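Trainee: Here it is: the structure, laid out below.
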Amino acid sequence: MTFHPSLLTGTYIHYYATCPREAWLYSRKILPDQEDSNIAMGKALADIKEEQLDNFPFSHLKFDKIGKERGHYLVTEYKKSMRNPQGAKMQLLFYIYQLKTSLKLKEINGKVISGKKVVFVEGNEANMAMMEALIEEISQFLSSPRPPPFEHNNFCDTCGYRDYCY
Ligand code: SF4
């Protein structure tokens, strides 16, 4: 199977940055345990977001807010928890990349907020080049016929796939 880059979503990016095996399982429609409390909370948040984004042309990107601040665009994403700050950052960078390339925006940055934690993400050239390379890397990885073997990592114990992997 060839996984086309246009099929990538923020969820894939976040999963891949957390655990590539998680992203691969998700790409094959193997869904995480829907009863898992982390998944249930995430779904509840996603439902709220979708209602708010009904009329937004990029609603498939599923970020929470976009606005203008001091002359540049700012995308904001709220997370229930910052389980993986790097994953959250990459996911937001993916949204920024999509908006920047499709709308030809000059300056766009972002922030992820979880409780009192805030992670800032810059849509600068270096980050855009890194995201372009990451999109290619993930698409190639997801084209692989088999997932990487299970290896326990720091995210396993709160992962919705743990019943599948253990
Ligand atoms: S249980 Fe661990 S190895 Fe399996 S998908 Fe989740 S994080 Fe990855």
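The values are calculated or read from the model by the stated rules, or taken from the named source; none is laboratory data. Remember, it's a predicted structure, so these values are computed and weren't measured experimentally. Don't worry about glycine lacking a Cβ; one is built from the backbone with ideal geometry, like all the others, and counts go over all protein chains shown.
Trainee: Give the number of residues within region 133-166 that are surrounded by 12 or more Cβ atoms within 10 Å (Cβ to Cβ), out of contact with any Pro (no Cβ under 9 Å at 6 or more places or on another chain) and assigned to a loop (DSSP other than H, G, I, E, B).
Mentor: Matching residues across region 133-166 total 5.
Trainee: Any residue in region 24-36 that is touching a residue at least 60 places away in the same chain (Cβ under 8 Å) and under 18 Å from LEU8 (Cβ atoms) sitting within a Cβ distance under 9 Å of a residue that is away from the ligand (no atom under 12 Å from the Cβ) and among the basic types (Lys, Arg)? List the pairs, counting only those 6 or more apart or interchain.
Mentor: If the second residue must be away from the ligand (no atom under 12 Å from the Cβ) and among the basic types (Lys, Arg), the pairs left are TRP24/ARG146.
Trainee: I'm told GLU132 meets every condition in (1) within 16 Å of the ligand (Cβ to nearest atom); (2) modelled with pLDDT of 95 or more except one. Can you identify the failing condition by its number?
Mentor: Of the numbered conditions (1) within 16 Å of the ligand (Cβ to nearest atom); (2) modelled with pLDDT of 95 or more, the odd one out for GLU132 is (1).
Trainee: Anything in region 116-132 that is of a type in the set (Lys, Arg) and outside any loop (DSSP other than H, G, I, E, B)? List them, or say none. I'd like the intermediate steps shown before the answer.
Mentor: Quick first cut of region 116-132, residues of a type in the set (Lys, Arg) only: 116-117.
LYS117, the sole residue that qualifies.
Trainee: In addition: Which pairs have Cβ atoms under 6 Å, sit 6 or more apart or on different chains, and link a residue in region 147-166 that is near the ligand (Cβ under 6 Å from one of its atoms) to one that is modelled with pLDDT under 90?
Mentor: TYR161/PRO32
Trainee: Here is a further query. Among GLU107, GLU77, which is touching a Phe, Trp or Tyr at 6+ places or on another chain (Cβ under 6 Å) and in contact (Cβ under 8 Å) with a residue 12 or more places away in the chain?
Mentor: GLU77
Trainee: Please find, within region 114-125, the residue that is nearest to the ligand (Cβ to nearest atom) out of those that are surrounded by fewer than 16 Cβ atoms within 10 Å (Cβ to Cβ) and closer than 16 Å to GLN86 by Cβ.
Mentor: Per the criteria, the residue is LYS117.
Trainee: Follow-up question, since we're still on this one. I'd like to check which helices (runs of 4 or more DSSP H) are fully inside region 1-94 and have at least 2 residues that are among the small types (Gly, Ala, Ser) and modelled with pLDDT of 85 or more.
Mentor: Those helices (runs of 4 or more DSSP H) span 10-18, 20-27.
Trainee: While we're here: Which of the residues belonging to region 83-106 are touching a helix residue (DSSP H, G or I) at 6+ places or on another chain (Cβ under 9 Å), surrounded by fewer than 17 Cβ atoms within 10 Å (Cβ to Cβ) and more than 16 Å from LEU8 (Cα to Cα)?
Mentor: ARG83, GLN86, LEU105, LYS106
Trainee: So how many residues does region 135-152 have that are within 18 Å of CYS165 (Cα to Cα) and out of contact with any helix residue (DSSP H, G or I) (no Cβ under 7 Å at 6 or more places or on another chain)?
Mentor: Count: 5.
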